[in-house]
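J.: Structure incoming, see below.
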Amino acid sequence: MDVKFDHSVKIANNKILVIDNLQTLTASYNWTHSAEFKNAENLVFIKSQEVAKKYTEYFEERWKISKTFATTHCVFLFNRHIWVRRLQIKGFKA
């Protein structure tokens, strides 16, 4: 899996999942226990090729300026954004 680190911004708070160039999830939601049970979070599901395309274009722009992240080490990062490209989950249905 390719992983990159976006050094160009101080804080990035993007949570984006584009599925099959048709469905987009975007959120403040962090997919953590606290987000699920303690925080006031949002998670929006949008079924639109146009929206999926815009988010994909945004992702590609961020990807181009980001630097490769060494995945051989376990590192905890705060207030930084790590981009993961094209994660495929077999059998996932939205």
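Coordinate-derived values only; no laboratory data. Just so we're clear, the structure is a prediction, and the values are computed from it rather than from any experiment. Counting neighbours? That spans all protein chains shown, and the Cβs are built from the backbone with ideal geometry, glycine included.
J.: Pop a pseudo-label 7 angstrom from the Cα along the beta-carbon direction at both Phe37 and Lys54 and give the gap in nm to one decimal.
T.: 3.6
J.: Pop a pseudo-label 7 angstrom from the Cα along the beta-carbon direction at both Val3 and Phe45 and give the gap in nm to one decimal.
T.: Going by the 7 Å Cα→Cβ label model, 2.8 nm.
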